[in-house]
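Below is one structure, written out as C-alpha cells; comments come after it.
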Amino acid sequence: MFDPKLPWKTIVTPHFRVNFPAGDEAIAELAAGYAEDANKILSPYLASEPKQRTELTIFDNEDTTNGFGFPLPNNQIVIYLASPAEDELFSRYDSWLRDLILHEYTHVLHFEKSEGLPAWIDRILGRSYFPNMFLPVFMTEGLAVTDETQFDTGGRGRGAAYRTVLRLTALAHKLPSIDKASGYYVTDFPGGDTPYMYGWAFYRYLMAHYGADAPRKLADATAHQPYFGFWGIDSSFKDVTGKNTAQVWSDLQADLTARAERQKQGILALGPLTPLHQVTTGGQFHRHPQYDPKGRLVWAQWTGNDYSHLMRMNADGRVEKTGSLSPFGTYSLSRDGRYRYESLNGDENRFTSFTDIFRVDLEKKRLERLSDRQRLSDPAVSPDGYWVVAVQAGHGQSNLVKMRADGSGQRALTQLSDRSQFSDPVWHPTRDLLAVSAWRDGCRDLYLVNPEDGRMEPIWRDRDVEIDPTWSPDGRYLVFSSDRTGAYNLYAYELATHKLFRMTNVLGGLIEPAVSPDMKTVAAASYDLRGFDIVTLPWNPASWTPVPLPKTDSEIHQPLPESRTDYPTIAYNPWPSLQPKVWAPFAFWDGQGPVVGATALGEDSLIKHFLYGAAGWGLVSNQPFYTIAYDNEQLYPSLYAYASDQSYLNSAQSQGVTFYLQQRALSQGISATFPGLPSAFLQNNWVTGDTFSIGLNFQNTQTLTPLPSLLPADKAPQTGQTN
C-alpha cells in the first residue's frame, strides 16, 4: 500500500499507462519511451499483440531492487526504481530501467499469449485463461532473461555471475535435473536465481540449435495447451525440437559441460590457477572480509542455519561471533577499533522501507542511529575517524554524501542527476582521496573522488565491470575485482605509475578484497559452487601479471529511448485498471437446489480500490443471491463496505427431531481499519503490525418456510434485525 497523501500521475502512451508518484516525471518519461521501445521489439518477436494497454507502475518507496509483470486482472508491470547493489553482481547493463522493462514486458506478452481453445475461452470469459502462466519457472524467467540480454549490450546473461555458476556446476558434474532447475525456493546456492540462470541457458541452447525463432515457436505451442501447463509440455517440445523434455534437457546438460570445458581451457591459457587458502567452507554467504586494527580477519556470514553474524578469526585461529551483521551491503571499521559503521533498515514508516547509517560502539555495546530516513548505505569512515562518506539513493539515482562521524553536518558531496549508481566508497589511507565503484552512462568503472568538493575522475571507462575497490595500507595500490577475463579476479592499479596488474587467475570468482595491515595477506570472498566463502592468498606483487591499461571506450553511453517520450500526462485515474475485465460462472447449493450465477472483480494498478461482485438465482428456491464489496485504500484509514443477499438451509432441534428451514439473510456493513495504530487505550504506545478496526454490521434474517407445528417458537432459528 502506498502513502495516501502521495499524489499520482499517469503518462498515456499507445500501449502503456505509466503510473508514477508526483516528482518522478523525468524518470517516468524515460520509462514510457523504454516501454514503447520494448513493445516494438518484443511484440513481433513473440508474435503476441497486447490486447489492452499495460499498466506500468513505478515507485520509489523501498531501497529494494525488484520488478514483476503479470496479466491479471490487467496487463501490469511494477518496477522498483532502486538499481541492484554492487554486491549482487548484476552490474553489466546499459540501463537497468531499460533491461527491467524488457524483462517484465516479456512476461506480460508471454503470459497473455493464448491460442486455440484457451483463446476462445478468453473471448467468452475475458482475461481468465493463460496457459503460459503455469509453465515451469525456468521457461518463464529464462525467456525474460534471454530477452533482456539479446536485445541489449548488457543483461544478466552476459554477466560473469551466471556464467560462473553454470561453469562450476558443469565441471563438477552437478548440473540440476529439470525439476530442480525450476525451483524458486531451492535452498542450496544459488537459491532463487536457479531458474533464471538455467532458464537463460536453456533458451540460449534452444536458439543455437533450433533457430532464433525457437522461443516464439515454443511459446506458441504451450499457449495452445488447455491444461494450465500440467500436461502437454512434452508435445510442445516435440513440436519445436522433435524431442521430449528429458531428451532436450540431457542435450542442454551436454552443451553446458562442453561450454564449461572450453571456458576452463581459456582460463588456464592465462596462466596457472592461483592457490587459495580456505578460511570458511560452508558456502552460502560469507561476504565482505576486512581486517580490524589488530590485524584480525572479520567477515559477515549467513549459512541458512542461523542468523547472520559478524565473524572474527583470532590469532590462535579460533573463530567467534562478534555481533549481528547482514552479509549484504558493506560496513566500515574505524582505525581505532571502537566503531563499526553499517547500514540498516530502521524505517518505522508503514509506507516505506529505507536504509540508514548506524554506528555500533563496540566498547559500550551500543547502537547509535546517525541518519533518519535519509536512504543511506555503504558507509566509509575516514582514516582519522572524523568523517563518514556514504551513498544516498532515491528516484532511480544515487549520490555521495559526507557527514561527521557522529552523523552531524551532513552535506551532498556529489549532486548528479544522470541516474548514476555509486557503491562501496573507500578512503585512501594517507591522502585526502576516495575511490568508488560507479555505474555511469552505460558501464561500471572505478572513479577517484575529491572528498572536499566531490570532483570525480574515472580511471578508465570500458564495458568490463570493476567493483569492490580497496587500498593497500601503504596507499600505493588500488585493489579491486573485475570480470574482464570472463571470471571475477583481483587486480591492482598502481596509482603513481598508472600500471595495472592481474593478481589472480581462478575458475570461479574472487570479489571484495581486503589487504592485511602488515601487507602479507589478501582476503577475498570466493564465488564458488556452494556460494561464497572467505579465502586468503599471499600479498606478493612479484607474482602478479602485468596487463595493458584499458583504453576508455568513447562509444559507451546510456541508451535513450527511440520512441517519443513527450506523451500526455494526466492525474491518475483508477477506473481504466479497476473496471472488471473477467467474469466466471459459478454454482452452489442453497439447501433446496442449485444456485447459478456469475462473479467478477476489479483492482486498480495502485491497489487503492478493490471491487467484487457476484449475482445468481436459486433454481429451486426461486430466491436471488448477490454479494458486492468495495475496499478503499486511498484514504487513511482503510475503508470497507459490503452488502449481500443469500438464501440457505438452517436447522433446529426439538425433542430429538431435526427440522430444516429455508432462511434468507440480507447483510450490509462498513468498517474503518487503522494499521499499526498507537493508542494508550489499546495498551500500545508504538507502531506495530497490529491492525485495529471499527465498524457497523447489519443483518436482517427472514425464515422463508412456515415453522413446523412441532417446533416451539423458542427453538426456531433467530430472525429479524441484528446490528
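Laid out as a table, the results:
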| quantity | calculated |
| --- | --- |
| Nonlocal amide H pairs with Asn74, under 5 Å, H built at 1.01 Å | none |
| Under Karplus coefficients 6.51, -1.76 and 1.60, residue-wise ³J(HN,Hα) of region 139-153 in Hz, glycine/proline x | 7, 7, 6, x, 5, 5, 5, 4, 5, 5, 8, 6, 9, 7, 8 |
| Calculated FRET value between Leu707 and Ser671, using beta carbons and R₀ = 41 Å, to 0.05 | 0.75 |
| Computed Kirkwood radius, in angstrom, where 1/r is averaged over Cα pairs of region 285-361 | 13.4 |
| Thr54 long-range amide H proximity, modeled H, under 5 Å | Phe16, Arg17 |
| Listed residues Thr57, Ala85, Ala26: farthest to the positive end of the dipole of region 22-95 (Cβ charges) | Thr57 |
| Total charge dipole magnitude, region 28-93, about the Cα centre, Cβ charges on Lys, Arg, Asp, Glu only, Debye to nearest 20 | 460 |
| Euclidean distance of C-alpha centroids, region 355-420 and region 517-578, integer Å | 21 |
| Gain on full stretching of the segment that runs from Glu555 to Thr187 - 0.36 nm per residue minus C-alpha separation | 128.3 nm |
| Positive-end extreme of charge dipole, the chain - chosen from Leu310, Ala212, Gly282 (charges on Cβ) | Gly282 |
| Rounded FRET efficiency, nearest 0.05, which uses the C-beta distance separating Ala258 from Ala212 and R0 of 25 Å | 0.75 |
| Nearest-ten-degree value, helix 160-171 long axis tilted from longest Cα axis of the chain | 90 |
| Under the Karplus curve 6.51 cos²θ - 1.76 cosθ + 1.60, θ = phi - 60°, whole-Hz ³J(HN,Hα) for region 283-289, x wherever Gly or Pro sits | x, 6, 10, 10, 10, 6, x |
| Derived scalar couplings ³J(HN,Hα) [region 660-670; Karplus, 6.51 cos²θ - 1.76 cosθ + 1.60; whole Hz; x for Gly, Pro] | 10, 10, 7, 10, 10, 10, 9, 10, 9, x, 8 |
| Violating pairs (Cα-Cα greater than 25 angstrom) within the set Lys581/Lys608; Lys51/Lys180; Lys5/Lys581; Lys364/Lys520; Lys180/Lys581 | Lys51/Lys180; Lys5/Lys581; Lys364/Lys520; Lys180/Lys581 |
| Gained length - Trp617 relative to Leu416, 0.36 nm times residue gap less alpha-carbon distance | 66.0 nm |
| Magnitude of the charge dipole, the chain, Cβ model with Lys/Arg +1 and Asp/Glu -1, debye to 20 | 840 |
| Global size of region 371-464 as Cα Rg and Dmax, reported in angstrom | 12.7, 38 |
| Cα-derived Rg over Rh, computed across region 79-227 with Rh taken as Kirkwood radius | 0.99 |
| Rg/Rg_globular for region 232-379, with Rg_globular taken as 2.2 N^0.38 Å and Rg from C-alpha atoms | 1.59 |
| Length added when fully stretched, His277-Arg373, from 0.36 nm per residue minus Cα-Cα | 30.4 nm |
| Distance (nanometres) between label positions extended 7 Å along Cα→Cβ at Ser543 and Val319 | 2.2 |
| Kirkwood hydrodynamic radius of region 18-103, Cα pairs, Å | 13.7 |
| For region 1-62, alpha-carbon Rg relative to the globular expectation (2.2 N^0.38 Å, N residues) | 1.23 |
| Crossing angle, helix 194-210 versus the chain [Cα axis fit, 0-90 degrees, rounded to tens] | 90 |
| Interchain or long-range residues, amide H under 5 Å from Ser638's placed H | Thr673 |
| Using alpha carbons only: equivalent-ellipsoid semi-axes of region 76-156, gyration tensor based, whole Å | 30, 12, 10 |
| Read-out Cα extents along the principal axes in Å, derived from the coordinates shown; its label in (i) 77, 65, 54; (ii) 105, 69, 57; (iii) 183, 65, 59 | (ii) |
| Highest-first arrangement of 491-503, 88-100, 124-136, where packing means the average Cβ count within 10 Å | 88-100, 124-136, 491-503 |
| Pairwise Cα inverse-distance average, inverted: Kirkwood Rh of region 1-159 (Å) | 16.3 |
| Most to least packed among 336-342, 706-712 [average Cβ atoms within 10 Å] | 336-342, 706-712 |
| Extreme residue, positive dipole direction of the chain, given options Tyr184, Gln76, Pro576 (C-beta unit charges) | Tyr184 |
| Given charges at beta-carbon only (K, R positive; D, E negative), |dipole| of region 143-215 in Debye | 300 |
| Solvent-free Debye scattering, log10 I(q)/I(0), computed from the Cα coordinates of region 189-319 at q = 0.09, 0.15, 0.22 Å⁻¹ | -0.52, -0.89, -1.28 |
| Antiparallel bridges, percent of DSSP beta bridges restricted to region 8-142 (to nearest 5) | 50 |
| Nearest 10 degrees, 0 to 90: helix 245-268 Cα axis against the chain principal axis | 20 |
| Region 537-598: translational diffusion in µm²/s, Stokes-Einstein, Kirkwood Rh over Cα pairs, 37 °C, 0.692 mPa s | 155 |
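Quick note: the coordinates plus some simple rules give every number you see, no bench work behind them. Keep in mind that what you see is a predicted model, and the values were worked out from it rather than measured. We place every Cβ from the backbone using ideal geometry, glycine too, and count neighbours over all the protein chains shown.
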